[in-house]
Amino acid sequence: MERWRRISLITLCLLIWVPMIVLLAASFMSLAEILDRYGVLFSHSDVPVQVSILPTYPTLRAYFELLFDSPEFFTMFWNSFLQVAPVLLGQLIVAAPGAWAFSAYEFKGRKLFFLFYHIVMILPFQVTMVSDYLVLDSFHLLNTHLALVLPGIFSVFPVFIMVKNFENIPKALTEAARIDGAGEFYIFLHIGIPLGKSGIFSALLLSFFEQWNAIEQPITFLKDKQLWPLSLYLPNITPAKAATVFAAAAVMMVPCVMLSVLGEEYLTEGIVSSGIKE
């Protein structure tokens, strides 16, 4: 039984890795080979997709074209940085203290207010898109980086993740610190953040994935293509540059993979302790 269980798990893992392997393999194919195998995806031919995990004639041409002959790629990459980095910094400044307040203090309307956070968190972007658009328009923030940054900073999802982790901190520890004369900010800074760092890191990491791969928000709030992030680079590539699609996807995937590998321990610990597993 244990043997078949291991085989099943290995098989499932391989199935998860297959799309990434195919993507990386295609990024080393020539334009002609990509159009022959995946031309139907670019409306170039009617031939069914012919998946291959190894290119016939490996080449780095797609990467050279992307990195040395595609200035719009670097513009969008820089736009993504300008839109994602402030969101993460803002969530650290706004969401972490807010989550600490929910978990460390009892105040009137706390449960009702946190229930409202739950409701807002489960609403898809399509539901709040019109109201977000009207608010941003009234503040003249449409077609600016702030149109993506400000809604991201005040997202409720990081608060939810951090609250569940802060609640695992023993109340006796914070009470002892208060008895010793520690101030509230000192307690948050020296007890809350160190002991809740797994929740903070996992919340920021998940927010990075969401912001880095955002598509609907940039299309809705940004009219000027010079402000578009890297996530909108792939849908706008023509069949003549089909080879760069896979190279760009591979490059775009690098930050997510690196952060996932480096922060796997914190991410797993933060999600498990937040109660999402239930």
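The values are calculated or read from the model by the stated rules, or taken from the named source; none is laboratory data. Everything numeric here is computed off the predicted structure, so don't read it as measured data. Quick reminder, even Gly has a Cβ in these numbers, built from the backbone with ideal geometry, and neighbours come from all protein chains shown.
Observations, loosely collected:
- Within region 83-126, tally of residues that are exposed (fewer than 10 other Cβ atoms within 10 Å of the Cβ), closer than 30 Å to Gln226 by Cα and without any contact (Cβ under 8 Å) to a residue 24 or more places away in the chain: 1
- Here the condition is being within 22 Å of Leu195 (Cα to Cα), modelled with pLDDT of 90 or more and part of a helix (DSSP H, G or I); of Leu89, Leu148, Leu82, Leu134, it holds for Leu89 alone.
- The residues of region 224-244 that are assigned to a loop (DSSP other than H, G, I, E, B), at pLDDT 85 or above and not acidic (Asp, Glu), listed by number, are Trp228, Pro229.
- With respect to the conditions (1) in contact with a Leu (Cβ under 8 Å, 6 or more places away or on another chain); (2) closer than 24 Å to Phe221 by Cβ, Ile122 lacks only one, and its number is (1).
- Selection status of Ser8, surrounded by fewer than 17 Cβ atoms within 10 Å (Cβ to Cβ), of a type in the set (S, T, N, Q) and in a helix (DSSP H, G or I): yes
- Taken over region 129-140, the criterion of being of a type outside the set (Asp, Glu) and touching a residue at least 12 places away in the same chain (Cβ under 8 Å) is satisfied by Met129, Tyr133, Leu136.
- Leu205 of a type in the set (A, V, I, L, M, F, W, C), touching a helix residue (DSSP H, G or I) at 6+ places or on another chain (Cβ under 6 Å), in a helix (DSSP H, G or I) and modelled with pLDDT of 85 or more: yes
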